[in-house]
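Participant: Let me begin by handing over the structure; questions about it come next.
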Amino acid sequence: MPAPDSLVDGEVTTRERVLELVVEQGPVSAATLAQVLELTPAAVRRHIAHLQDHGQIVVHAPAGPGLRRRGRPARHYVATDAGRAVLRDAYSDLATQALQFLADAAGPDALDAFARARVGELEKRYAALLAGVGPDRSARVRALAEALTADGYAATTRTIGSQGIALQLCQGNCPVQDVAERFPQLCEAETSAFSRLLGVHVQRLATLAGGGHVCTTHVPLAVPAVPTRAAPGAPPGRAAPSTRAAPAAPAAAGPTRPAAAGTGPPGPDRPAPTHRTAPDRTTAPTPGATEGNR
């Protein structure tokens with residue numbers, strides 16, 4: 001006869017509480033788990049056996065010889081990566097539901113404000129770490145990668161171009177990947193924070209939430225210089241002479257001829273020309289002249 005659903009749900013919830021306590025307080029003994037969760041030793045052992053069978057917890061092997069006690073030593077348990085992943089999935093579901101409720105109740109602007117506030121806390125902490133690095137952008141990118149790695153992002157840097165004109169900041173893990181798949185505002189706010197921290201506009205090329213195998217951010221370092229072409233036989237580093245033709249000079253004026261007399265504008269050495277008045281042919285002849293011509 002199958003167990004009632006309520007009993008199964010209760011078993012799963014209690015097991016999640018056991019796993020959560022092992023994650024938070026491990027190495028922890030079964031006796032401590034039973035005391036904190038107010039369970040019987042048999043119930044605790046049943047949950048521990050299930051979690052061990054699924055690879056979510058293991059017996060902790062203490063480092064060093066330690067003190068030996070008489071009798072059978074108590075076992076202490078710690079969580080594995082698989083066990084922590086189970087809790088992350090549970091937390092991601094809760095966070096996704098909470099953000100969806102916020103978006104439905106207060107609108108998309110409230111969701112954007114939440115994303116900026118969340119990243120703002122990280123930005124303040126990272127800014128304090130980068131303050132001691134100096135203005136060198138390459139060093140700041142590498143310092144940011146180290147800070148991200150400490151927070152579980154598994155970040156690395158990669159040089160782009162033979163001249164090192166850019167760096168790629170790569171994040172191999174994202175603690176909020178499942179939530180960011182539903183709400184890309186988290187990735188957008190993070191990209192803006194990187195721009196402010198590095199003092200340059202960066203470009204997000206790929207994200208884990210978007211299906212990429214790594215979150216990749218392109219960070220420019222410098223504008224590449226345009227190489228000049230060397231002249232044949234010239235020593236290295238010497239640019240080729242320009243082959244562009246020089247602009248044509250204006251045509252030379254020919255020898256100047258002296259201006260003809262009476263031509264050209266008057267000047268200080270040239271008086272204005274005088275104009276003769278032609279005789280008036282219409283004047284009547286005088287009587288004396290007429291008589292003499294007869």
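Participant: Do the conditions hold for L102, that is, is it assigned to a helix (DSSP H, G or I) and in contact with a Phe, Trp or Tyr (Cβ under 9 Å, 6 or more places away or on another chain)?
Facilitator: Judged against the criteria, L102 is a match.
Participant: Which of the residues that make up region 116-159 are among the β-branched types (V, I, T) and either in contact (Cβ under 8 Å) with a residue 60 or more places away in the chain or closer than 22 Å to L208 by Cα (or both)?
Facilitator: Listed by number, the residues that qualify are V119, V141, T149, T156, T157, T159.
Participant: Any idea which of (1) farther than 30 Å from E16 by Cβ; (2) of a type in the set (S, T, N, Q); (3) in contact with an Asp or Glu (Cβ under 9 Å, 6 or more places away or on another chain) is the one S92 doesn't satisfy?
Facilitator: (1) is the only condition that S92 fails.
Participant: Do you know which of the residues in region 12-38 that are in a loop (DSSP other than H, G, I, E, B) and either under 12 Å from Y77 (Cα atoms) or in contact with a Ser or Thr (Cβ under 7 Å, 6 or more places away or on another chain) (or both) is modelled with the highest pLDDT?
Facilitator: Here the residue is P27.
Participant: Restricted to region 140-151, and to residues that are small (G, A, S) and within 17 Å of S195 (Cβ to Cβ), which residue is nearest to the chain's Cα centre (by Cα)?
Facilitator: Checking each candidate, the answer is A145.
Participant: Moving on. Filter region 94-107 down to residues that are under 15 Å from C187 (Cα atoms) and of a type outside the set (S, T, Y), then give me how many there are.
Facilitator: So the count comes out to 1.
Participant: Here is a list of conditions, (1) under 14 Å from the mean Cα position of the chain (by Cα); (2) of a type in the set (S, T, Y); (3) closer than 30 Å to A90 by Cα, and T157 meets all of them except one; can you say which number that is?
Facilitator: Of everything listed in (1) under 14 Å from the mean Cα position of the chain (by Cα); (2) of a type in the set (S, T, Y); (3) closer than 30 Å to A90 by Cα, T157 misses just condition (3).
Participant: Follow-up question, since we're still on this one. What tally of residues in region 39-51 results from selecting those that are closer than 10 Å to Y77 by Cα and exposed (fewer than 15 other Cβ atoms within 10 Å of the Cβ)?
Facilitator: 0
Participant: Continuing with the same structure: I'm trying to understand the selection: among the residues of region 39-74, which are at pLDDT 85 or above, farther than 22 Å from A90 by Cα and not β-branched (V, I, T)?
Facilitator: Residues satisfying the conditions are L39, P41, A42, A43, R45, H60.
Participant: In addition: Only one of (1) buried (at least 17 other Cβ atoms within 10 Å of the Cβ); (2) within 30 Å of T13 (Cβ to Cβ); (3) out of contact with any strand residue (DSSP E or B) (no Cβ under 6 Å at 6 or more places or on another chain) is not met by A79, so which one is it?
Facilitator: Checking A79 against (1) buried (at least 17 other Cβ atoms within 10 Å of the Cβ); (2) within 30 Å of T13 (Cβ to Cβ); (3) out of contact with any strand residue (DSSP E or B) (no Cβ under 6 Å at 6 or more places or on another chain), the one that fails is (3).
The values are calculated or read from the model by the stated rules, or taken from the named source; none is laboratory data. Keep in mind the model is a prediction, meaning the values are calculated, not measured. Positions of Cβ are backbone-derived with ideal geometry, glycine not excepted, and every protein chain shown enters the neighbour counts.
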